[in-house]
Amino acid sequence: MKKTVIILLVIIQSSMLLAQQTTKRMITPSDVLNMKSVRQPKVSPDGNWVLYSISRVDSVKDKNISKLYMTSWNGKETVKLTEQTNNPGSHAWSPDGHYISFIAANKSEDKANSSRQLFLLDRRGGESYQVTHFKSNIVSYNWSPDGKKILFVIDDQDYSDTAKSNVRVPFEINRYHFKQDYEGYLDNRKSHLYLYDLDTKKLDTLTRGNHEEAGAIFSHDGQSIAYVSNISPDPDRNSNTDIFWMDLKTKSVKQISTFKGSNSNPMFSPDDQYLAYNQSLTEDKFNMYDVNELVIKKLSDGKEKNLTHTLDRSVRGFTWASDGKSIIALIEDDRSQHIHQINIENNAVQALTKGDAVFSAIQSNDAGKLVALFSDSKTPEEVYCFDNNIPRRLTHEQDAFLKNLQLSQVIGFKAATVDKSEVNGILYLPDTSKRKYPLILFIHGGPVAQDDYSFDESRQILAAAGFAVAAVNYRGSSGRGAAYSRAIYGDWGNKEVTDIIAVANHLIKIGIADSTRMGIGGWSYGGILTNYTIAKDNRFKAAVSGAGSSFQFTMYGTDQYVMQYDEELGAPWENPKKWMDLSYPFLNVKTIKTPTIFMASQNDFNVPVAGAEQMYQAFKHTGIPTELIIYPNQNHGVGVPSYIIHRFNKHIDWFKKYLK
């Protein structure tokens, strides 16, 4: 009997332990600390390894730390490469595959020189070592095919902080476009091209002057390069960039494209007969509402062919097939992004992937081995490789993060609008059997971006707190063609709000949402649309407006979008009625009833903090419940992990206070 009792106790304890091990919980804001970010997969020249970076949170230092890893093509072996180097970026293989290169902070004892420099790591073992000691930042680089030289894009040297007192010299500005988020106030320094010999350590200047070069890449024979530059009289006043070709022996330069819009991302065909590159749909001076097309040009006769114009969808990345007869391209579509093969002779397009998913960051080696990142609604980004064009999962970096989580259900939907348009979205539900949820419309920024079927940590966290959460791809979003994006040109806060309200009405009609418990929030243009929506519809009982603005006059000259304002709206003194019309949430604040938190980043030059401050002050003056939260020393994107957790918790607490 005693033995039987002991056996039963063991069975019970084992069952309890198993239950504890298999019990899953909903995701919480603190899970931000556990999720990894997998980036930039690169196939080795021999095709046996895939190099990539992983960024994760160091909770003690309250910041993100990146390291490099490589995994064998068969997925059986993974090696951590850069334990002693923090935050390596722009990693690549040397052409012979013996070395891994990357850019990291200068290790010099000269504290005044904190520039980003090139490092090499022997993949066969040992620590990385610093190759360059330039006085300024390396922007990008590209190996020569023989591995003997490196093509650099390097910033001009900054002489503003040379004073021994450590007091920065005053900003002296004369540019039209004079500020940019993350960069700060802009001076007249440029980025130029240089050729570095690894044996002799000689740095050869390829370009100089008042124009800036970017996106430089070698031809496969190593005899020439292609790059991007805006050579118009005043690049601050337009988005025109062109592709240029340089003979490295003679230094002679030929302009490849003459399109007045934007050309970018040049890539030589395997036989160097063609250059492929992205091109904007229009030649507008500012290309916010645009479609990124794919063009090839034959270098021998200058004949050009647009491969994707009839698709009316943006190409978000591409690489040549190894035989040079086709291009493998990432093409954005409605809530998804997939890999396609495009025949350069007849423009035939074949989808290599499909489904409710998002592929990104494609790359291939010269032999045609292809890798990409993959994500769907249940899986943060992982590396996939392709065997005979069939995708195969290579990494499992997110398994530990997902192991104990019960994720909300993700459902796509469509809604009809009162003006007979159709808006698509994605719904997040913690329990699909329930109805009459408190609803949060969580609006994406951009506006020319879209919510897709990739893993969405933000909406998963909000839904896990007990809300139905809807993503809305309002007119102005990407993924549905140029006309859909351009529908809001010069008419902000109109059609987008119509679409947002249509989604709310649709979710009420089908029984998901409780019409008496609706909230709205978003960041950047999502914050701007939050303000517009609560100024038009008083049914929303709570809102969180992040990095938004409402009195649009204030943004002219204080943010980075002067080119857009000039092109799309006209200067405020030339078209004051338009600016007044677009400022209706601030000017009509007395009609707003929605309790709202306004959030902003202290150093944001994208949507400056004044946008949130003004609305907060107006709400305080009017007596509408409100709070103001400023994230110290942050740019447009909040990057400090504890601030990200704080932001999620403030959203959840505010919405629970007014919606539950």
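Given the criteria assigned to a strand (DSSP E or B), open to solvent by 60 Å² or more (accessible area, probe 1.4 Å) and not basic (Lys, Arg), does Gln350 qualify?
Values: assigned to a strand (DSSP E or B): yes; open to solvent by 60 Å² or more (accessible area, probe 1.4 Å): yes; not basic (Lys, Arg): yes.
In short, yes.
Filter the range 192-219 for residues that are in contact with a Pro (Cβ under 8 Å, 6 or more places away or on another chain) and not small (Gly, Ala, Ser); which is farthest from Ile154 (Cα to Cα)?
By that ranking, first place goes to Phe218.
Looking only at the range 128-138, filter to residues that are touching a Lys or Arg at 6+ places or on another chain (Cβ under 6 Å) and not in a loop (DSSP other than H, G, I, E, B); which one of those is most open to solvent (accessible area, probe 1.4 Å)?
Gln130
Report, by residue number, each residue of the range 562-584 that is in a loop (DSSP other than H, G, I, E, B) and open to solvent by 50 Å² or more (accessible area, probe 1.4 Å).
The answer is Trp573, Glu574, Asn575.
Please list, ordered by residue number, the strands (runs of 3 or more DSSP E) wholly in the range 46-118 having 2 or more residues that are over 29 Å from Ile645 (Cβ atoms) and at pLDDT 95 or above.
49-58, 63-72, 89-93, 99-105
Scan the range 378-385 and tell me whether some residue there is in contact with a Phe, Trp or Tyr (Cβ under 8 Å, 6 or more places away or on another chain), within 26 Å of Trp93 (Cβ to Cβ) and in a loop (DSSP other than H, G, I, E, B). Give the derivation first.
Within the range 378-385, the first condition is being in contact with a Phe, Trp or Tyr (Cβ under 8 Å, 6 or more places away or on another chain), and the residues that meet it are 378-385.
Filter once more, keeping what is within 26 Å of Trp93 (Cβ to Cβ): 380-385.
Applying the additional criterion that residues be in a loop (DSSP other than H, G, I, E, B) yields none.
Among the residues of the range 378-385, not one is in contact with a Phe, Trp or Tyr (Cβ under 8 Å, 6 or more places away or on another chain), within 26 Å of Trp93 (Cβ to Cβ) and in a loop (DSSP other than H, G, I, E, B), which makes the answer no.
If Leu330 passes every condition in (1) aliphatic (A, V, I, L, M); (2) touching a Lys or Arg at 6+ places or on another chain (Cβ under 8 Å); (3) open to solvent by 10 Å² or more (accessible area, probe 1.4 Å) but one, which one does it miss?
(3)
Yes/no per residue for (1) within 26 Å of Lys190 (Cβ to Cβ); (2) touching a Lys or Arg at 6+ places or on another chain (Cβ under 7 Å); (3) in contact (Cβ under 8 Å) with a residue 12 or more places away in the chain:
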site	(1), (2), (3)
Lys36	no, yes, yes
Pro45	no, no, yes
Gly75	no, no, yes
Gly126	no, no, no
Ser140	yes, no, yes
Lys148	no, no, yes
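Can you tell me which residues in the range 375-389 are among the charged types (D, E, K, R) and over 17 Å from Thr71 (Cβ atoms)?
Asp376, Lys378
Any idea which residue in the range 399-413 is most open to solvent (accessible area, probe 1.4 Å), counting only those that are within 25 Å of the chain's Cα centre (by Cα) and in contact (Cβ under 8 Å) with a residue 24 or more places away in the chain?
For the range 399-413, the residue satisfying everything is Ala400.
Do we have any residue at all in the range 567-589 that's of a type in the set (S, T, N, Q), over 26 Å from His177 (Cβ atoms), modelled with pLDDT of 95 or more and more than 31 Å from the chain's Cα centre (by Cα)?
yes
With respect to Ile488, determine if the residue is in contact (Cβ under 8 Å) with a residue 24 or more places away in the chain, of a type in the set (Val, Ile, Thr) and farther than 22 Å from Asp290 by Cα. Walk me through how you get there before you give the answer.
Details: in contact (Cβ under 8 Å) with a residue 24 or more places away in the chain: yes; of a type in the set (Val, Ile, Thr): yes; farther than 22 Å from Asp290 by Cα: no.
In short, no.
Any residue at all in the range 427-435 that is in contact with a Leu (Cβ under 9 Å, 6 or more places away or on another chain), within 30 Å of Tyr561 (Cα to Cα) and crowded, with 22+ Cβ neighbours inside 10 Å?
No.
Need the failing condition index for Ala618 against (1) closer than 23 Å to Leu462 by Cβ; (2) surrounded by fewer than 22 Cβ atoms within 10 Å (Cβ to Cβ); (3) among the aliphatic types (A, V, I, L, M), just the number.
Of everything listed in (1) closer than 23 Å to Leu462 by Cβ; (2) surrounded by fewer than 22 Cβ atoms within 10 Å (Cβ to Cβ); (3) among the aliphatic types (A, V, I, L, M), Ala618 misses just condition (1).
Tell me which of these Ala600 doesn't satisfy, since it passes every other one: (1) assigned to a loop (DSSP other than H, G, I, E, B); (2) free of Cβ contacts under 8 Å to residues at least 60 places away in the same chain; (3) of a type in the set (Gly, Ala, Ser).
All conditions pass for Ala600, except number (1).
Going by the conditions given, is Val79 of a type in the set (A, V, I, L, M) and touching a residue at least 40 places away in the same chain (Cβ under 8 Å)?
Judged against the criteria, Val79 is not a match.
Among the residues of the range 387-398, are any surrounded by 14 or more Cβ atoms within 10 Å (Cβ to Cβ), farther than 21 Å from Tyr474 by Cα and aliphatic (A, V, I, L, M)?
yes
How many of the residues making up the range 81-95 are hydrophobic (A, V, I, L, M, F, W, C) and surrounded by fewer than 16 Cβ atoms within 10 Å (Cβ to Cβ)?
So the answer is 0.
Hey, Val607 hits all of (1) over 18 Å from Phe442 (Cα atoms); (2) open to solvent by 30 Å² or more (accessible area, probe 1.4 Å); (3) among the hydrophobic types (A, V, I, L, M, F, W, C) but one; which does it fall short on?
The failed condition is (2).
I want to confirm something. Restricting to the range 234-268 and keeping residues that are touching a residue at least 40 places away in the same chain (Cβ under 8 Å) and either among the hydroxyl-bearing types (Ser, Thr, Tyr) or touching a helix residue (DSSP H, G or I) at 6+ places or on another chain (Cβ under 8 Å) (or both), which single residue is surrounded by the fewest Cβ atoms within 10 Å (Cβ to Cβ)?
By that ranking, first place goes to Asp236.
How do the pairs read when you match residues in the range 434-446 that are closer than 12 Å to Ser515 by Cα with residues anywhere that are assigned to a loop (DSSP other than H, G, I, E, B) and at pLDDT 95 or above, using Cβ under 7 Å and keeping only pairs 6 or more apart or on different chains?
Qualifying pairs under 7 Å: Arg435/Gly511; Arg435/Ile512; Lys436/Gly511; Tyr437/Phe467; Tyr437/Ile512; Pro438/Phe467; Leu439/Phe467; Ile440/Phe467.
Does the range 157-176 contain any residue that is open to solvent by 30 Å² or more (accessible area, probe 1.4 Å), closer than 27 Å to Gln560 by Cα, under 24 Å from the mean Cα position of the chain (by Cα) and not aromatic (Phe, Trp, Tyr)? Step through it out loud before you land on a result.
Within the range 157-176, the subset open to solvent by 30 Å² or more (accessible area, probe 1.4 Å) is 157-159, 161-176.
If we keep only those that are closer than 27 Å to Gln560 by Cα too, we end up with 157-159, 161, 167-176.
Within this subset, residues satisfying the condition of being under 24 Å from the mean Cα position of the chain (by Cα) are none.
No, the range 157-176 has no match at all.
Just to be sure before I move on: is Gly639 surrounded by fewer than 17 Cβ atoms within 10 Å (Cβ to Cβ), among the small types (Gly, Ala, Ser) and at positive phi in the structure I sent?
No, not satisfied.
Output the residue which, of all residues in the range 119-137 that are among the aromatic types (Phe, Trp, Tyr) and more than 28 Å from the chain's Cα centre (by Cα), is modelled with the lowest pLDDT.
Tyr129
The values are calculated or read from the model by the stated rules, or taken from the named source; none is laboratory data. Predicted model only: the values in this text are computed from it and were never measured. For neighbour counting, all protein chains shown are included, and Cβ atoms are generated from backbone atoms with ideal geometry for every residue, glycine included. Remember, those area values only see protein heavy atoms, side chains included, never the ligands or the DNA or RNA. Shrake-Rupley method; radii C 1.70, N 1.55, O 1.52, S 1.80 Å.
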